[in-house]
Amino acid sequence: MRVPAKLNLQLAVGPPRADGYHDLVTVFHAVSLFDEITAEPAASDGVSVRGEGADQVPEDGDNLALRAVAALRAAAAPADAGGVHITIVKRIPVAAGLAGGSADAAAALVACNELWDVGLGQPELLEIAAGVGSDVAFALLGGTAVGRGRGERLTPALAPATPYHWVLAFAEGHLSTPEVYGTLDRLRAAEAERSGRKRMPGPVLAPALDGALMSALRSADARQLGPALSNDLQPAALSLFPALRKTLAAGLELGALGALVSGSGPTCMFLAASADRALDLAASLSGAGVCRSVARATGPVPGAAVVPTVR
Ligand code: ATP
């Protein structure tokens, strides 16, 4: 089965919570860049990983796909459910802000639900997914959806399924998600200090859904959507990876309708006006020497979720 990468069309980040996480309001968007996952019966649970960036992915219990297998086993698998071997072919770059690990976890949940004939529907799978990681539930759902909490509380966006054309610029290097959040907190504290306030008042940072972005999505208007893309993590990602400024600027100069760091980065995403424009933009960006490689993708695409059966 295949499972898509995600982009964040909006990522609004609140102050750090007592548990170390940040409250988010985000607009997830699944795009046509897929990992491929197979699950086969085996003597014991295991995982093997091939493809793009496979050498950076653990092949033990730390692999998110195996964590998902363990979560499903604990929550709902029959006592006689045997071992499973998961094979992952990575096409989603690792630690790139595209939630590839979460995608593999979502696919493993769906695959084992079938393999063991557990029979869980989407709501139950979404609940288990939310316990495995913040982005796993969205990888099950796909499409375009608003995420709240740590991103795991999802509401599908009411928007026409008109395809958008994206160009993704993959960077030479990685960014660690916790490091990017930590940098954002430090940048915000320094900013508060500079402006004479010792503490930022809570409501100022409370994340909120962007009305302009949602209106652009409802009218399926790429020209409106481009300038409405936003990511609170972008200043932190840029301060840790300054070369991304050049990548974003190059994409805009080459005619992208919008340019943004994806999630915690370092992948940059560019919105193009049409499939042809995306092709031109991808070619020009890859010739401009501002990234490791480029890919085109369309979104929204479905997630790894099974369609719930009506009984
Ligand atoms: P996040 O989802 O935390 O924002 P990301 O999208 O930037 O992260 P991922 O590709 O999901 O990046 O990988 C993040 C980390 O998770 C990597 O350091 C990687 O070693 C680890 N990891 C565990 N399992 C997987 C997996 N199946 N695929 C990719 N990475 C995995």
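The values are calculated or read from the model by the stated rules, or taken from the named source; none is laboratory data. Computed from a prediction, not measured in an experiment: that's the story for all the values here. Ideal geometry is used to build each Cβ from the backbone, glycine not excepted, and the neighbour counts take in all protein chains shown. Calculation scope for accessible area: heavy atoms of the full protein, side chains included, ligands and nucleic acids excluded. Shrake-Rupley method; radii C 1.70, N 1.55, O 1.52, S 1.80 Å.
Among the residues of the range 3-36, write down those that are in contact (Cβ under 8 Å) with a residue 24 or more places away in the chain, more than 15 Å from residue 298 (Cα to Cα) and surrounded by fewer than 24 Cβ atoms within 10 Å (Cβ to Cβ).
Hits for the range 3-36 are 12, 13, 14, 15, 16, 21, 22, 23, 24, 25, 36.
Which residue out of 286, 293 is farther than 23 Å from residue 160 by Cβ, without any contact (Cβ under 8 Å) to a residue 24 or more places away in the chain and surrounded by fewer than 22 Cβ atoms within 10 Å (Cβ to Cβ)? Spell out how you get there, then give the answer.
Numbers: 293 fails: without any contact (Cβ under 8 Å) to a residue 24 or more places away in the chain.
None of the other options fit; the residue is 286.
Any residue in the range 45-73 that is touching a residue at least 40 places away in the same chain (Cβ under 8 Å) and over 27 Å from residue 122 (Cα atoms) sitting within a Cβ distance under 8 Å of a residue that is in a loop (DSSP other than H, G, I, E, B) and more than 8 Å from the ligand (Cβ to nearest atom)? List the pairs, counting only those 6 or more apart or interchain.
That search, which allows pairs on different chains as well, returns 51/91; 52/91.
Give the range 157-180 a look and list any residue that's open to solvent by 30 Å² or more (accessible area, probe 1.4 Å) and modelled with pLDDT of 95 or more, or say none. Let's see the steps before the verdict.
Restricting attention to the range 157-180, the residues satisfying the condition of being open to solvent by 30 Å² or more (accessible area, probe 1.4 Å) are 158-163, 165, 172-174, 176-179.
163, 165, 179 - these are the residues of the range 157-180 that are open to solvent by 30 Å² or more (accessible area, probe 1.4 Å) and modelled with pLDDT of 95 or more.
Would you check which residues across the range 270-296 are in a strand (DSSP E or B) and hydrophobic (A, V, I, L, M, F, W, C) and list them? Step through it out loud before you land on a result.
Within the range 270-296, the first condition is being in a strand (DSSP E or B), and the residues that meet it are 270-272, 293-296.
Across the range 270-296, the qualifying residues are 270, 271, 272, 294, 295.
Please enumerate the residues belonging to the range 110-127 that are of a type in the set (A, V, I, L, M, F, W, C), open to solvent by less than 30 Å² (accessible area, probe 1.4 Å) and either assigned to a helix (DSSP H, G or I) or within 13 Å of the ligand (Cβ to nearest atom) (or both).
The answer is 110, 111, 112, 125.
Pick out the one residue from 77, 103, 96, 107 that is within 12 Å of the ligand (Cβ to nearest atom) and modelled with pLDDT under 95. Show your work before the answer.
Working: 77 fails: within 12 Å of the ligand (Cβ to nearest atom); 103 fails: modelled with pLDDT under 95; 107 fails: modelled with pLDDT under 95.
The conditions single out 96.
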